[in-house]
Amino acid sequence: MKVALITLLLQASALFTQNAGPAKTPGEIKEELIVIEREIGRANLNCDYQYFDRVEAEEFIFTDASGGISDKKQDMAGEKDCRKTEGTYDVDDAEVRIYGQAAVVTGRVTINAKNKEGVAVTRRSRFTDVFVWRDDRWQLVAGHSSRIPAAPSAK
């Protein structure tokens, strides 16, 4: 009887620990998620689809600025057309809100790179990403990005 009770308590403890979320402070969680956002940028520039495969949940969905949506399968299919780009991907004005085993990250991204014609371009956007803590890691389940229009040039 004692062995059965101990086994039951261990299983319940393991289940609770698995669903408890990361064993980190809110500050450490926020920094970890901002690092993930920077890694997403690096992976975009370097066509690192192995990174996307790890960080995106199977049910991942992305909404672009024009209202188009894509899922993980469609995102991963983009690898064949990806072209590595020299440039920078800077995340700033980032905020992280933690809700138990979920987190919402918002921020601004500035990309400085060359387009297909070799001309230097700067693109700025705002993003919202939703993560869940699952399998001892943060997984991206939803994302949205909206382009920030370029400021009109002074005459």
On Cα atoms only, tilt of 2-19 relative to the major axis of the chain in degrees: 10
Listed residues P26, I61, W138: farthest to the positive end of the dipole of region 18-142 (Cβ charges): I61
Rounded tilt (10° steps) of 26-46 against the dominant C-alpha axis of the chain: 50
Those aspartates and glutamates that a straight Cα-Cα span of less than 12 Å connects to K73, excepting residues fewer than 8 apart in one chain: D53, E56, E58, E59
Loop sites in region 70-103: GluC sites (Glu not before Pro), DSSP, at most 11 other Cβ within 10 Å: E86
Loop trypsin sites (Lys or Arg not before Pro), region 105-154, which have at most 14 other Cβ atoms in a 10 Å radius of their Cβ (DSSP): K116
Cα lying deepest toward the dipole's positive end in region 22-148, options V96, N44, M76, charges on Cβ: N44
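Each value in this text was obtained by applying a stated rule to the coordinates, not by laboratory testing. Model, not experiment: these values are computed from the prediction. Cβ: placed from backbone, ideal geometry, glycine included. Neighbour counts: every protein chain shown.
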